[in-house]
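Undergrad: Okay, handing you the structure first.
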Number of protein chains: 2
Amino acid sequence: MSKSRTPSIKMVAERAGVSVATVSNVLNGKPTVSADFARRVNDAVRELGYVVDLGASRLRSRKTQLVGVVVPDLTNPMFASFVSTLEHLARLDDYDLVVVSARNDAEEEADRLRKIRAWRPAGLIVIPCDGAFAERLPTGFFAPVVLADRIPDAAGFDLIAVDNGPAAGAIAAHLDGQGYRDCMVVGSSLSISNVRERWEGVRAAVKRMHVEMLEIGIDDANGAQRLEERLRRRPLPGALFSLDHGTTLLTYRTMAEIGLSVPEDLAFASFDDMEWMQLVAPGITAVRQPIEEMAEQAWALLLRRMTGSAGKPVTRRLRCAVEIRGSTPRSPLEEAGNVKLGGKKWKLQDEPYSPE
Amino acid sequence: MSKSRTPSIKMVAERAGVSVATVSNVLNGKPTVSADFARRVNDAVRELGYVVDLGASRLRSRKTQLVGVVVPDLTNPMFASFVSTLEHLARLDDYDLVVVSARNDAEEEADRLRKIRAWRPAGLIVIPCDGAFAERLPTGFFAPVVLADRIPDAAGFDLIAVDNGPAAGAIAAHLDGQGYRDCMVVGSSLSISNVRERWEGVRAAVKRMHVEMLEIGIDDANGAQRLEERLRRRPLPGALFSLDHGTTLLTYRTMAEIGLSVPEDLAFASFDDMEWMQLVAPGITAVRQPIEEMAEQAWALLLRRMTGSAGKPVTRRLRCAVEIRGSTPRSPLEEAGNVKLGGKKWKLQDEPYSPE
DNA sequence: AGCTTACAATAAAACGTTTCACCAGAGTTT
DNA sequence: AAACTCTGGTGAAACGTTTTATTGTAAGCT
């Protein structure tokens, strides 16, 4: 019976007995409309449950309060938190977000980027799958892009990341200082820039300790098997340092399956601090990243770019905190207790950061 | 110098020396266009990096391959996983997704729903904040809605959820069978339907064991304090059963802080199985929800509705698996070992489910 | 009273697409 | 050869908005 179609501005105008232009003016808060007419329009809007059609509105006004967000994997708690913060901030500034995940696949990322372009976003925030991101950015795309967390091979992008090198170095120095003589460093892939930076940070920081690197890939059964083989071989390294969340999960589980216990058989530390790392006994020494602040900085930067601020690409490094816990006690089976070294607040480094 | 404006279909037409209608026909795979013209158009498209404007396309064609997704909290791994699966499925069917989170706030959910409406989605998948969802659904909204995970107070919606009652009951029966005489059940709030169903499932399943319920709210410092007080009071309950993810995290941490150990001081079980629950020692007995399948079912159902299938609202319950681990051994300090009761695959219940 | 100003409201154009009706020309049937 | 039917292509209308230019009316000046 009833015209079951979502109401348009025309229906509102009809019902209020005014022109569509007037309705539009009321809805957009133009001051040139009388109180009486405004009331009539608002009544009609309420009665019909009218909501503007964003597509049409955007098309005509050419003002697109919309930004695209691309992350490698939504199920990674780090990225989920990143997106969630971003969403909140965007809302405060009255922007909409289109979020997509690339499922850790470069090709899918390229595909998603092309698709997101169809939305005509005013800007983009991307955590790229790998360094070759620049090649995947579609041609003919003129909106500002802010990269986060991972560094692209090509220069020319705004970037917000953490001080991977120094933070990983701090863990390495800690292990070194606790008296460990050799440390195995495990990470998904050195082709991911922050893993690479962390590994380099480790190498730069160690004094006496011997370090070796093991790449196990991302979702790679083969890599998992290599890890297990190494953990079964003797002698074991004195300490294990895992460079990213996925790797930590895999490593910790593998150790448990094999029957290795932390810290009796080997010490263990992780880049990326997750909630459960305080729940296991002993707690796991970890680098905590200021993920919310990363989102805040990324948003602030993109907002500046979208509102016309030109200028050279900016790189910002945020400082990580190190949480020392029971998984890395003094080396020769001597109990060191739960020294809390963290607690200092995040702080933006003012100096430009140069990893080399 | 160069017209730095994102290319439109008109520019493509010009460049290819054809009409815009022809470009549109080529892009939409209409068969009535000669190979020669198609090539010219495709060349122009590639050279300009043209991508269709979704807003305009949708506006004209009125075919909106778009669905909105609303979840209470993106940082909850369950929901993140739900969204991620959904995103994948949508892509396969060539739909776009607009995802928003309500941050556990009913008012914000209402706001987000209104906003999402402006996108003119063809359908909605919602995990509602609470039972009063129906009141927040904007008027004049005619797209199909599929609810997931939580049951609304009002009838009339399609719903995909898990068998909260029986699953929680299975845990309760297990504790009962292990010889515990009293069990404290902790949950965020009985106003959330699945928490309520789980609690009712517990009460229905216990035979000899005495159970008491403690609500601690969601992000409620007051509730956390009540929990701590209870855990310091003696006598302790023999077992603790936590009914949702957030509560489990809080409870487990609180126990550790107070110095209570599982299972020596009390047994512990959780609804919602998280990765770390296998990593702590002993592992935590938990109900594992088929979250991916929930997403699959929700998507399949919505797709059917969007393609015109009418009919009465459907309710589906998916079966959970129970993972028995070391945190719930035989009662009087007797080691029960790590019996693995799970492993059966998820299975859709064919019978309509009635909680009463 | 005339003549300008100021204001409130509107008609119509425009945004980038898709779709519909139409057209020219070539082939096919009488 | 006239009358059809295809075939591949196009101009123009339409989608739901916002914006610009225009109109009509009332008030403020001489």
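Undergrad: How long are the three semi-axes of the equivalent ellipsoid of chain B, in whole Å, if each is the root of 5 times an eigenvalue of the C-alpha gyration tensor, listed from largest down?
TA: With the √(5λ) rule applied to chain B, the semi-axes are 51, 20, 19 Å.
Undergrad: Further question: How large a share of the accessible area of chain A, in percent, is made up of carbon and sulfur atoms when the probe is 1.4 Å and the other protein chains stay in place?
TA: Carbon and sulfur: 50 percent of the exposed surface of chain A.
Undergrad: Right, another one. What do you get for Rg/Rh of the range A:80-135 when both radii come from the Cα atoms and Rh is the Kirkwood radius?
TA: 0.97
Undergrad: Plugging the Kirkwood radius over Cα pairs into Stokes-Einstein for the range B:9-52, at a temperature of 4 °C and a viscosity of 1.567 mPa s, what D comes out in µm²/s?
TA: 131
Undergrad: Could you name every residue in the range B:42-70 that has 20 Å² or more less accessible surface in the full protein assembly than in its own chain alone (probe 1.4 Å, ligands and nucleic acids excluded)?
TA: Going by heavy-atom accessible area, the residues of the range B:42-70 that drop by at least 20 Å² are B:G49, B:V51, B:D53, B:L54, B:G55, B:A56, B:L59, B:R62.
Undergrad: Counting only residues 5 or more places away or on other chains, whose amide H sits under 5 Å from the amide H of B:L214 once H atoms are built in the peptide plane?
TA: Excluding prolines and chain starts, which carry no amide H, the hits are B:V185, B:V186, B:G187.
Undergrad: Another question, if that's okay. For the interface of chains A and B, what total accessible area is buried with a 1.4 Å probe, rounded to the nearest 100 Å²?
TA: In total, chains A and B hide about 4800 Å² from solvent.
Undergrad: Moving on to the next point. Run the label-point distances for A:E107 please: 7 Å along Cα to Cβ, every other copy, nanometres, shortest first.
TA: Going from nearest to farthest copy, the values are 4.8 nm.
Undergrad: Among the DSSP beta bridges whose two residues both lie in the protein assembly as shown, what percent are antiparallel, rounded to the nearest 5?
TA: 10
Undergrad: Taking the Cα centre of chain B as the origin and placing charges on Cβ (Lys, Arg +1; Asp, Glu -1), which of B:A170, B:M213, B:Q289 is farthest toward the positive end of the dipole?
TA: B:Q289
Undergrad: Computed over the Cα atoms of the range A:164-289, what is the convex hull's projected area averaged over all directions, in nm²?
TA: 6.9
Undergrad: While we're looking at this one, here's another question. Quick one: 3J(HN,Hα) in Hz for the range B:88-101, Karplus 6.51/-1.76/1.60 with θ = phi - 60°, rounded, Gly and Pro as x.
TA: 5, 4, 4, 4, 4, 8, 6, 10, 9, 10, 10, 9, 9, 10
Undergrad: Run through the range A:133-238 and list the trypsin sites (Lys or Arg not before Pro) located in a DSSP loop whose Cβ has at most 12 other Cβ atoms within 10 Å.
TA: A:K207, A:R208, A:R233
Undergrad: Report, to the nearest 10°, how far helix B:245-258 tilts away from the longest principal axis of the Cα atoms in chain B, using its own Cα long axis and a range of 0 to 90°.
TA: Helix B:245-258 sits at roughly 40 degrees to that axis.
Undergrad: Over the Cα atoms of the range A:100-188, what is the Rg over Rh ratio if Rh follows Kirkwood?
TA: 1.14
Undergrad: Where does the charge balance sit around A:V206 when Lys and Arg score +1, Asp and Glu -1, over other residues with C-beta under 12 Å from its C-beta?
TA: 0
Undergrad: Starting from the exponent 0.38 and prefactor 2.2 Å, build the expected Rg for the protein assembly as shown from its residue count and divide its actual Cα Rg by it.
TA: 1.05
Undergrad: Sticking with this structure for a sec: Can you give me the relative contact order of chain B as a percent, contacts being Cα pairs under 8 Å and 6 or more apart?
TA: 14
Undergrad: What whole-number value in Å² describes the accessible area per residue of the range B:73-125 for a 1.4 Å probe?
TA: Accessible area per residue, the range B:73-125: 31 Å².
Undergrad: Also, I was wondering about something else. What net charge is computed for the residues neighbouring A:N222, neighbours being all others with C-beta under 14 Å from the C-beta of A:N222, Lys and Arg scored +1, Asp and Glu -1?
TA: With Lys, Arg at +1 and Asp, Glu at -1, the neighbours total -3.
Undergrad: Once the other residues with Cβ under 14 Å from the Cβ of B:G311 are scored (Lys, Arg +1; Asp, Glu -1), what is the net sum?
TA: My count for the surroundings of B:G311 gives +3.
Undergrad: Can I ask one more? Modelled label-to-label distance, B:R330 and A:S8, 7 Å Cα→beta-carbon offset: nm?
TA: 7.5
Undergrad: Shortest first and in nm to one decimal, what separations exist between A:G131 and its copies in the other chains, measuring from label points 7 Å along the Cα-to-beta-carbon line?
TA: Reported distances to equivalent positions: 5.7 nm.
Undergrad: Something else now. Return the long-range amide H neighbours of B:A267 (sequence gap of 5 or more, or a different chain), with a cut-off of under 5 Å between placed amide H atoms.
TA: Amide H neighbours of B:A267: B:A239, B:L240.
Undergrad: Can you tally the lysine pairs in chain B where the Cα-Cα distance is under 28 Å and the two residues are eight or more apart, or on different chains?
TA: 11
Undergrad: Using 7 Å Cα-to-Cβ label points, what is the B:N222/A:A281 separation (nm, one decimal)?
TA: That separation, rounded to one decimal, is 3.3 nm.
Undergrad: Of all trypsin sites (Lys or Arg not before Pro) in the range B:1-60, which ones are in loop regions per DSSP and have a Cβ with at most 12 other Cβ atoms within 10 Å?
TA: Of the trypsin sites (Lys or Arg not before Pro), the ones in loops of the range B:1-60 whose Cβ has at most 12 other Cβ atoms within 10 Å are B:K3, B:R5.
Undergrad: Only counting protein heavy atoms at a 1.4 Å probe, give the residues of the range B:132-149, ordered by number, whose accessible area falls by 10 Å² or more when the other protein chains are present relative to the chain alone.
TA: So the qualifying set is B:T139, B:G140, B:F142.
Undergrad: Follow-up. Can you work out the accessible area per residue across the range B:145-251, with the rest of the protein chains kept in place, probe 1.4 Å, in square angstrom?
TA: Dividing the accessible area of the range B:145-251 by its residue count gives 38 Å².
Undergrad: As an exercise, use a Förster radius of 41 Å and the Cβ-Cβ distance of B:F142 and B:S261 to find the FRET efficiency, rounded to the nearest 0.05.
TA: Step by step, r from the Cβ atoms, then E = 0.15.
Undergrad: Something else: Can you list residues from other chains, or at least 5 along the same chain, whose modelled amide H is less than 5 Å from the amide H of A:A148?
TA: Under 5 Å from the amide H of A:A148 lie the amide H atoms of A:V126, A:I127, A:I160, each far enough along the sequence or on another chain.
Undergrad: Then there is this: Shortest first, in nm, what separates the label point of B:R62 from those of the same position in the other copies (7 Å along Cα→Cβ)?
TA: Its label point is 2.9 nm from the equivalent points in the other copies.
Undergrad: Now a separate question. Compute the helix-to-body angle for A:291-306: its Cα long axis versus the longest principal axis of chain A, expressed 0 to 90° and rounded to tens.
TA: 40
Undergrad: Continuing with this model, one more query. Could you work out the relative contact order of the range A:9-52, using alpha carbon pairs under 8 angstrom and six or more residues apart, expressed as a whole percent?
TA: Relative contact order of the range A:9-52: 43 percent.
Undergrad: Starting from the Cα of A:K63, step 7 Å along the direction of its Cβ; do the same at A:A134; then give the gap between the two resulting points in nm.
TA: Placing both labels 7 Å along Cα→Cβ, they lie 3.5 nm apart.
The values are calculated or read from the model by the stated rules, or taken from the named source; none is laboratory data. Not measured: the values here are computed from a predicted model. Please note: Cβ atoms are built from the backbone with ideal geometry, for glycine as well, and neighbour counts cover all protein chains shown. These accessible areas exclude ligands, DNA and RNA; they are computed on the full protein's heavy atoms, side chains included. Shrake-Rupley method; radii C 1.70, N 1.55, O 1.52, S 1.80 Å.
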